[in-house]
1. Please go through the range 143-159 and pick out each residue that is outside any loop (DSSP other than H, G, I, E, B) and under 23 Å from Ala83 (Cβ atoms).
2. Residue pairs, Cβ under 8 Å, 6 or more apart or interchain, first in the range 221-242 and in contact (Cβ under 8 Å) with a residue 12 or more places away in the chain, second part of a loop (DSSP other than H, G, I, E, B) and among the hydrophobic types (A, V, I, L, M, F, W, C). List them.
3. With the requirement that a residue be buried (at least 20 other Cβ atoms within 10 Å of the Cβ), among the small types (Gly, Ala, Ser) and touching a residue at least 60 places away in the same chain (Cβ under 8 Å), what does the range 308-363 give you?
4. Among the residues of the range 325-380, how many are among the charged types (D, E, K, R) and in a helix (DSSP H, G or I)?
5. Assess whether Lys110 counts as being open to solvent by 50 Å² or more (accessible area, probe 1.4 Å) and farther than 30 Å from Asp290 by Cα.
6. Taking Val90, is it open to solvent by less than 60 Å² (accessible area, probe 1.4 Å), modelled with pLDDT under 95, aliphatic (A, V, I, L, M) and within 24 Å of the chain's Cα centre (by Cα)?
7. Return yes when Ile301 is surrounded by 15 or more Cβ atoms within 10 Å (Cβ to Cβ) and among the hydrophobic types (A, V, I, L, M, F, W, C) and no when it is not.
8. Looking at the range 214-244, which of the residues that are in a helix (DSSP H, G or I) and in contact with a Ser or Thr (Cβ under 9 Å, 6 or more places away or on another chain) is nearest to Leu168 (Cα to Cα)?
Amino acid sequence: MGIKEDGNATMDFQKSVLKKNQRIIVYGASIYGELAYYLLEDCNLKPDYYCDRVVKDSFMGIPVIEPDMLAEHRDDWILIASADYYHELVKNAREVGCRYIGNLSSLFEKCNVPEEVLSKRAKGYYVNRQNYIDVTRQREDKDALNFTRIQYVVSERCSLKCKDCLHLMQYYKEPKNIDLDATKDSFDRLLRVADSISEIRILGGEPFMNRDMYKIIKWWHDNPNISLFRIYTNGVITPTDEIMEYLAYPKVDVYISDYEINRDKIEKTTREFKKRGIKYYVSPYDGWADAGDIHYRNHSIEENIEIFGRCHARNCISFIDGQLHRCPRSAHLMRLGAMPDVKEDYVDIKGFVGSDEELKQEIRTLQEKTWIEACNYCDGADLHVPQIPAGIQAKKPLEYERCD
C-alpha cells in the first residue's frame, strides 16, 4: 500500500524497504507493541525505540520516547502498533512530518511468532491478528467513515454480577434486554453512512441472555463493509440451538472471558462449540483496569483530556438502543441516570432527522472528541496502571446517587 496524495495512508513494512541508517520506532508500547517486537525479531530486526504517551523508561528492553519526539525521526520508520487507535496514531505521526509510516500487516501475514514467548493477552491478539490487518486495509481519506469496532449492546442483563464491571452492569436493579427489532432501522442507517467496520462486538451484559441476539448476524453477516462479528461472553450460558446456528457462520467467532469462577461452565459451553464447528477463543483474565465507582469527580477540562487520552475504552464506540456513544461507560451512566443526558456526547441515530451526510458529519464529530462528560464520573480505564482482580462478585446491585 503506497502513500496516497492526501498523506493519510500507511505502507506495508517489510525488511526490504528499510534503508541504510534508518531507525525503527514502534508506535505503541502495549500488546501490539509486544507482537511487533517478535515479528521484527523473525526478520532479524529490532526496534530502536518504542513510542507511547504513557511515560515509561523502557518496553521489551527497548527505550521509550514520547510522541512529541517523533518530530526528530521524520526520516525513520514509524510502525503503528495498535488497532483501536490506528488512525489516531497515523494522524499524530503525519502531523509532526514523519514520512515513513508503516503497518505490521505484511509481517503478520509472512512472519511466525512462537506463541510460548507471548503474554496471555498477546496470545489472544496474535490469534485474532486479522482484525489488525482489516483495520490497515480500510479506505484512508478525509471523507471515509471507518470504525475499528462497534460494540453492539444487546442486554443490560448478565449471568454474573462483577462488582468492577467497566460496563456498569453491577448497578442495574431491573436490567432488561434491548429490543433489537426496534433499533434495526437505526443500525441500517449507520451502515449506510459507514465505509467500513472492522469488527462488530456483540455484548451485554451477557449477550446470550437476549435470545434474539442472533438477529444481528442474520441481518448483516453478508454486508461487505463488515469484516468480523465477535461475541463477547463469560461462557456461563450455553446458547440456544437457534443462536448456535448463526455462531457457526464464517465471519463469526466467540471470545470467552475466563475469570476462574466460571471455568466449569466454560468447559460445558466450549464442548458444544467444538461439536458445531464454532470458532472460539478463551481469554484468561487475572486483572482489570480500575475505572473506579460512578460518583461525580468535577475534573478540570485538562484533567478530563488527560483521563480520556490514556483510557483504553475511548474508542469503544457503543451502539445501544439506537444511540451511538463514544464509550460504553458513557452510555450506561446515562441509562442509569447517574449522569445527565449530555446530547453532545452521543449521536441519536434513531431520532436523527437530517440527511445521511449530516449524520455522517455528526458521527465524525463524535469520533474526534478529546473528552466527554462521562470522564467526570471515571478514574480512567488505563491498562498501564496497577490492575484489580477480575470477576469479583457483588452479592446485590451496587448503590449509587442518581443525578435527578
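1. Asn146, Phe147, Ile150, Gln151, Tyr152, Val153
2. Note: pairs meeting the criteria are Asn225/Ala194; Ile231/Met213; Asn234/Cys158; Asn234/Leu160; Val236/Leu160.
3. Hits for the range 308-363 are Ala313, Ser318, Gly322, Ala331, Ala338.
4. 12
5. Yes: the conditions hold for Lys110.
6. Yes, satisfied.
7. no
8. The residue in question is Tyr214.
The values are calculated or read from the model by the stated rules, or taken from the named source; none is laboratory data. Predicted, not measured: the structure shown is a model, and the values here were computed from it. Counting neighbours? That spans all protein chains shown, and the Cβs are built from the backbone with ideal geometry, glycine included. Keep in mind that these areas ignore ligands, DNA and RNA; they rest on the heavy atoms of the full protein, side chains included. Shrake-Rupley method; radii C 1.70, N 1.55, O 1.52, S 1.80 Å.
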